[in-house]
Structures are given as C-alpha cells and as structure tokens.
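The values are calculated or read from the model by the stated rules, or taken from the named source; none is laboratory data. The structure displayed is predicted, hence computed values, not measured ones. Cβ atoms come from the backbone with ideal geometry, glycine included; neighbour counts cover every protein chain shown. Please note that ligands, DNA and RNA were not included when accessible areas were found on the heavy atoms of the full protein model with its side chains. Shrake-Rupley method; radii C 1.70, N 1.55, O 1.52, S 1.80 Å.
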Amino acid sequence: MPNRIPCSAERLDLLLPQMIQAISEAGAFHLARQYMTEKRVRILEANDSQISSSVIGNAGLYEQQINLKDGHLISACSCSQPEEPMCRHCIAALLEYHRWATHQAASRSSARKDSPSRPQTNHARDPSPLTLQSSIADIKLSEILKFVEWLQPAMKAIENEQPLPPPPVIDAGEVSAWVLAIKSLEDRRRETEDVLATLEAELRDRKAYAGRLTQQLQASMEELKTAQTTTQGLEREVSTYRDTLKKLGELTNEVAQYDEQIRMAAREILEKGSHFDKVATSFKEVTEALQAAAKVTP
Ligand SMILES: [Zn+2]
C-alpha cells in the first residue's frame, strides 16, 4: 500500500531535507542520509512530480515510486520496513533528488561547469526527465577493469561458497554500487543458507523428538496392555472373592439356624432337668416318708 502524506510543496525539488526530516522517523531519516552519502541511491527517472528510484539497502536492492499529486506525497517501496509515514529508502530517494536538483540549479546559475558532485543518476544537463542512458558516460574504464578483475575471483568465491575477496578501491559511484550490489546479494545468500541450516537443524531436532515420542507411546501402549491384563486378573479375583463372600453369607445363615436349634434344645433340656428335679424331690419326700413310717413300725 502506498503511503499518502499531505504536502504543501508544489514541486518535489522544493521539498527541503528539513521538511522531510520533520515528518520522518528519526532512525529512518538517519539511515536515509547515510544511504545518500554512501551513494546507494539511484534515481532511475524523475521530474517535478514523480521519482522512480532504487536503493541498495542493508538486505538487498529496493525500488521506490514517489508521486506528488493533488497536494499529497504518495510513496511506495518494495521493502517491508514498517517505518511511517515513509521508509528509509523513499526518504533517501527524496534526499538524493533534492541534492541533485539543488546542484542543477547551482550549476545553471553559475557557468556550466561539471561538478564532481553530480547526482547519482548523472543526468547532468537535462534535469527533467532523468534517464538511465547518460549514466554510462560517468563510468571510468579503469574502474570497470578493476571491477571485472575483482568479479572473476568473486564469482569463484561465490561458487565455492567462500568469503568474497576484498573489493577493489574505487571512488564512490556507479561501479562501487555494482560491487555493493554483489556484496549485498552474497550477504543475502549467506543469510538464506544460515536460515536453511537452522531450519534443517530444527527439522532434525523435531524428527528426533517425534522418534522419542513414538518410543514413549509404544512403551505406554505396552504398559497399558500389562495394566489391562492385570485388571482382568484382578476382576477374576474379585469375582472369586464375591463368590466366597456369598458362600460365607450362606454358611453364616446356616450357623445362625443351628445356633437357634441348639438354643431350643438347651431350653428343652433345661425344662426336662427341672421336671427331673421335681420327680427327684418327690422321690426324696416319698423315701423320707417311708423311712419315717419304718421307724414308727419296727
Ligand atoms: Zn523501503
């Protein structure tokens, strides 16, 4: 989504760095100025109301499209920076365009001398629109030779996944931007490899973890089986105990019945005993009476 910012400037070259700074995040503005100083900004096409540019950021090359329309500054960048209301790359493009436009105005008013501080895009004489074509004129053959010389071992290093050789000593400009772009690509490749290695290590860890979990699961299943067997054994024992308890209950009932019978028998015996006692007493009395009678009649 492009960002839309209300803007009072009528032309993009009237947008001063301090105005840009006033609406930007401090960190983003600081980085943008650094990108401009390090000549990492390339204006691909620009005029009073629009800028197409690319910036070599810290993690790759990003493209910007900035328009000034109906009192609004509309900016879009291919990066994913959350900076509001504009990312560092759009700010860098605006700063670079302002620097270039200021330089153009100065060189027009003074004698038309070529200045060493030409814009990154090098469209010296025609401020609008800027085009890529004239940039070739700025590149020194000696720098290209140095670059090509560096490029061969650099490609070999990339093929063999080794660190890049030290970059050639080249003045900041087009060719140094190529070197920066290659370094940035190589850095990204390395980062991707690191991420890949981390992901592979994570995958191995997770596989090992899954293996451990499977083993634990198998062990748990074995335990469950053993527990089921034990439970079945216990159930059988419980049913045996239940049968035994039932039999014990029946026996207790029988014993109680026998007890009752014994008690009744004991009562009967007691009753019979008292009857015998009475008979014995009667016998004693009869005997005593007989003895007394015998004494009376000798
Ligand atoms: Zn950006």
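Summing charges over all other residues whose Cβ lies under 15 Å from the Cβ of residue 77, with Lys and Arg as +1 and Asp and Glu as -1, gives -1. Percent of C-alpha pairs per 10 Å bin in the chain, short distances first: 5, 16, 16, 11, 6, 4, 4, 4, 4, 4, 4, 4, 3, 3, 3, 3, 2, 1, 0, 0.
Per residue, the chain exposes 69 Å² of accessible surface when a 1.4 Å probe is rolled over the protein heavy atoms with every protein chain present. Loop-located trypsin sites (Lys or Arg not before Pro) in the range 6-83 (DSSP state not H, G, I, E or B) with no more than 13 neighbouring Cβ atoms inside 10 Å: 11. Taking the helices alone, the chain has a mean residue ellipticity at 222 nm of -22500 deg cm²/dmol, built from -39,500 (n - 2.57) per DSSP H run of at least 4 residues and averaged over all its residues. Under a Gaussian network description of the chain, with springs only between Cα atoms under 10 Å, the residue in 196, 245, 95 that fluctuates furthest is 245. GNM, the chain, Cα, under 10 Å: largest mean-square fluctuation among 53, 24, 142? Among 53, 24, 142, the largest GNM mean-square fluctuation belongs to 142.
Candidate cross-link partners of residue 295 among the lysines, defined by an alpha-carbon separation under 18 Å and a same-chain spacing of 8 or more, comprise 284. Pull out a ≥ b ≥ c, the square roots of the eigenvalues of the alpha-carbon gyration tensor of the range 159-249, then state rounded if a/c is under 1.5, prolate if not and a/b is larger than b/c, and oblate in the remaining case. Judged from the Cα gyration tensor, the range 159-249 comes out prolate (a/c at least 1.5, a/b above b/c). Along the range 46-63 the Karplus relation, 6.51 cos²θ - 1.76 cosθ + 1.60 evaluated at θ = phi - 60°, assigns HN-Hα couplings of 7, 8, 4, 10, 8, 10, 10, 8, 9, 10, 7, x, 7, 10, x, 9, 10, 10 Hz to successive residues, with x for each Gly and Pro.
The range 1-71 and the range 198-268 have Cα centres spaced 80 Å apart.
Considering only protein heavy atoms and a 1.4 Å probe, what is the carbon-and-sulfur percentage of the accessible area of the chain?
With neighbouring chains kept in place, the figure for the chain is 58 percent.
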